[in-house]
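Worksheet: the structure to be examined is printed underneath.
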Amino acid sequence: TPFLMDAAQAEGGLATRNNITGICDRFDEISEEAYRTGFKVRNFACFSCPIHCSNISVVRGAAGTQWGEGPEYESLVCLGTKCGITSLPAVITATNRCNELGIDTISCGDSIAFAMELWERGIITPSDTGGMDLSWGDADTLLALIEQIAAREGYGAVLADGVAAMARRYGPGAERYALHVKGMGV
């Protein structure tokens, strides 16, 4: 499904920075072409399925070679552009880590993107986040928050409850930026 990134960008509907905009300024870094030519190894399918909709990807770096399934469109958006992150190695690593920890990439990315918007608007501060800087586009923060969410430690304990609970926690000033339907992130 990574090809959907290009369609969403072309139509102005690529959720970027918690849906503040539908256009990603550094799109060429996270496009389907960048993924396909730099990270996708092959397609694969569930047993007897003719579609072959899943991907195997690889990230090679200083820490070694990392193989994993995906990311699919939703993970590219929620752990990528929604958080202002256009580094494919970071998004693939975050997707793999969520998969290893049993964390839904959509809900996780929605919570982190919402917190990043609250940070940008001054609704939350370092005293809320345990000193973490939640500026848009920080892949190291994204990866650290995934670990905290899994362990329900630090600021991850707040993020683990999801967008609707966070909006209630921070009040009316935050609720207007909370993107959810019946408590689930979009």
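What are the pairs with Cβ atoms under 8 angstrom where one residue, in segment 63-91, is free of Cβ contacts under 8 Å to residues at least 12 places away in the same chain and the other, located anywhere, is not aromatic (Phe, Trp, Tyr)? Sequence gap at least six, or different chains.
65/58; 65/59
Return the total of residues in segment 10-50 being touching a His at 6+ places or on another chain (Cβ under 7 Å) and without any contact (Cβ under 8 Å) to a residue 12 or more places away in the chain. Before you say what the answer is, go through the steps one by one.
Taking segment 10-50 and keeping what is touching a His at 6+ places or on another chain (Cβ under 7 Å), we get 43-45.
Adding the requirement that they be without any contact (Cβ under 8 Å) to a residue 12 or more places away in the chain leaves 45.
Qualifying residue count for the region: 1.
On the phi > 0 side of the Ramachandran plot, surrounded by 15 or more Cβ atoms within 10 Å (Cβ to Cβ), under 13 Å from the mean Cα position of the chain (by Cα) and not in a strand (DSSP E or B), is that true of residue 99?
It is false that residue 99 is on the phi > 0 side of the Ramachandran plot, surrounded by 15 or more Cβ atoms within 10 Å (Cβ to Cβ), under 13 Å from the mean Cα position of the chain (by Cα) and not in a strand (DSSP E or B).
Out of curiosity, is residue 71 within 20 Å of the chain's Cα centre (by Cα) and part of a loop (DSSP other than H, G, I, E, B)?
Judged against the criteria, residue 71 is a match.
Checking residue 92 against (1) among the β-branched types (Val, Ile, Thr); (2) open to solvent by less than 10 Å² (accessible area, probe 1.4 Å); (3) closer than 25 Å to residue 157 by Cβ; (4) in contact with a Phe, Trp or Tyr (Cβ under 8 Å, 6 or more places away or on another chain), which single condition isn't satisfied?
Condition (3) is where residue 92 drops out.
Taking segment 155-186 only, how many residues are part of a loop (DSSP other than H, G, I, E, B) and under 19 Å from the mean Cα position of the chain (by Cα)?
9
So is residue 106 open to solvent by 30 Å² or more (accessible area, probe 1.4 Å), under 28 Å from residue 31 (Cα atoms) and either in contact with a helix residue (DSSP H, G or I) (Cβ under 7 Å, 6 or more places away or on another chain) or of a type outside the set (Gly, Ala, Ser) (or both) or not?
It is true that residue 106 is open to solvent by 30 Å² or more (accessible area, probe 1.4 Å), under 28 Å from residue 31 (Cα atoms) and either in contact with a helix residue (DSSP H, G or I) (Cβ under 7 Å, 6 or more places away or on another chain) or of a type outside the set (Gly, Ala, Ser) (or both).
State which residue pairs qualify: first residue more than 12 Å from residue 18 (Cα to Cα) and of a type in the set (S, T, N, Q) and inside segment 159-186, second residue open to solvent by 90 Å² or more (accessible area, probe 1.4 Å) and part of a loop (DSSP other than H, G, I, E, B) in any location, beta carbons under 7 Å apart, and separation of 6 or more residues or different chains.
none
Might you let me know whether segment 21-37 holds any residue that is more than 21 Å from residue 109 (Cβ to Cβ), of a type outside the set (D, E, K, R), modelled with pLDDT under 95 and exposed (fewer than 14 other Cβ atoms within 10 Å of the Cβ)?
Checking segment 21-37: at least one residue is more than 21 Å from residue 109 (Cβ to Cβ), of a type outside the set (D, E, K, R), modelled with pLDDT under 95 and exposed (fewer than 14 other Cβ atoms within 10 Å of the Cβ).
Consider residue 116 against the criteria (1) under 23 Å from residue 175 (Cα atoms); (2) free of Cβ contacts under 8 Å to residues at least 60 places away in the same chain; (3) assigned to a helix (DSSP H, G or I); (4) touching a Phe, Trp or Tyr at 6+ places or on another chain (Cβ under 9 Å): it satisfies all of them except one. Which criterion is unmet?
For residue 116, the exception is condition (2).
The values are calculated or read from the model by the stated rules, or taken from the named source; none is laboratory data. Since this is a predicted model, take the numbers as computed values, not measurements. Counting neighbours? That spans all protein chains shown, and the Cβs are built from the backbone with ideal geometry, glycine included. When the accessible area is computed, the model is the full protein with side chains, heavy atoms only, and any ligands, DNA or RNA have been set aside. Shrake-Rupley method; radii C 1.70, N 1.55, O 1.52, S 1.80 Å.
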